[in-house]
Amino acid sequence: MSPYEITSLFIGSGAAVMLIITIRADHNRRKKQSTMDTAIPMLREAREALQQEFDIVALTDSDMDQLRKNKVLLAKINKAFGVFEHIAVAVHAGVYDRDLIYRTLGQTFVDIYEQYHLYIEFRIKNHGKYTYSEIRKLITSYTEEDKRCIRKDGKIWLWKWW
């Protein structure tokens, strides 16, 4: 190989690497933009629908008895949790940015899961162990993430990657 061919090879290889890096960065940016434009508003709307129906800290057994009798209210909760499940599936599939959802609504996800734990158990009991499995995986990962963000001195890191 001549020096010209070697130089051309290096330049071409460098250009290919830069192209790959640029494409990957653009993909990540689009994924984050899609998360902000689509997923976050859907999550907020579902959360607001739940908050309009229940202004509670956590569902109680008496609340669950009322839910079983009120099909309209049960349908609204099912719809909200359907949105949560679809978003969780998309996060696990890499469609939406997991970290961005964690930073914007991660605590909300955890709070809703804890507040509606009786409802989730009711659905699992009636519809099988895979009901809301994606939500449960996402919540588990978020709570583990929170544990990793606590420093040895007890302070909390603002960013999980520090």
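Here are some notes:
- Were the residues from residue 92 through residue 32 laid out at 0.36 nm apart, the gain over their Cα-Cα distance would be 20.2 nm.
- If R0 is 35 Å, the Cβ-Cβ spacing of residue 140 and residue 20 corresponds to a FRET efficiency of close to 0.60.
- At 1.002 mPa s and 20 °C, Stokes diffusion of the chain via Kirkwood alpha-carbon radius, µm² per second: 115 µm²/s
- Distance between modelled label sites at residue 111 and residue 79, nm, 7 Å Cα→Cβ extension: 2.3 nm
- Couplings for the range 8-24, taken from phi via the Karplus curve 6.51 cos²θ - 1.76 cosθ + 1.60 with θ = phi - 60°, read 4, 4, 5, 5, x, 5, x, 5, 5, 5, 5, 5, 4, 4, 5, 5, 5 Hz in order; Gly and Pro are left as x.
- Selected from 143, 46, 82, residue furthest toward positive end of dipole (the chain; charges at beta carbon): 143
- In this structure, the pairs whose alpha-carbon distance is over 30 Å, taken from 31/71; 79/125; 76/129; 32/71; 32/79; 32/76, are 31/71; 32/71.
- Just checking the listed ones, 110, 83, 57: in the Gaussian network model of the chain with Cα springs under 10 Å, the one fluctuating most is 57.
- Whole-number percent relative contact order across the chain, with pairs defined as alpha carbons under 8 Å at least 6 apart: 23 percent
- Residue among 36, 18, 64 with the largest mean-square fluctuation in a Gaussian network model of the chain, springs linking Cα atoms under 10 Å: 18
- Among 109, 27, 11 - extreme Cα towards positive end, dipole of the chain, charges at beta-carbon: 11
- Part-to-part distance (alpha-carbon centres) for the range 94-141 and the range 33-92, which is given in Å: 10 Å
- Charge sum, other residues only, whose C-beta stays under 12 Å from residue 35's C-beta, Lys/Arg counted +1 and Asp/Glu -1: +3
- Rounded to the nearest Hz, the phi-derived 3J(HN,Hα) couplings of the range 97-111 under the Karplus curve 6.51 cos²θ - 1.76 cosθ + 1.60 (θ = phi - 60°) are 7, 4, 5, 5, 5, 4, 6, 9, 9, x, 5, 4, 4, 5, 4, where x marks glycine and proline.
- Computed over the range 32-102, the range of Cα coordinates on each principal axis works out to 40, 20, 18 Å, biggest value leading.
Computed from the coordinates by the stated procedures, all read-outs in this text should not be read as laboratory data. None of these values were measured; they are calculated from a predicted model. Counting neighbours? That spans all protein chains shown, and the Cβs are built from the backbone with ideal geometry, glycine included.
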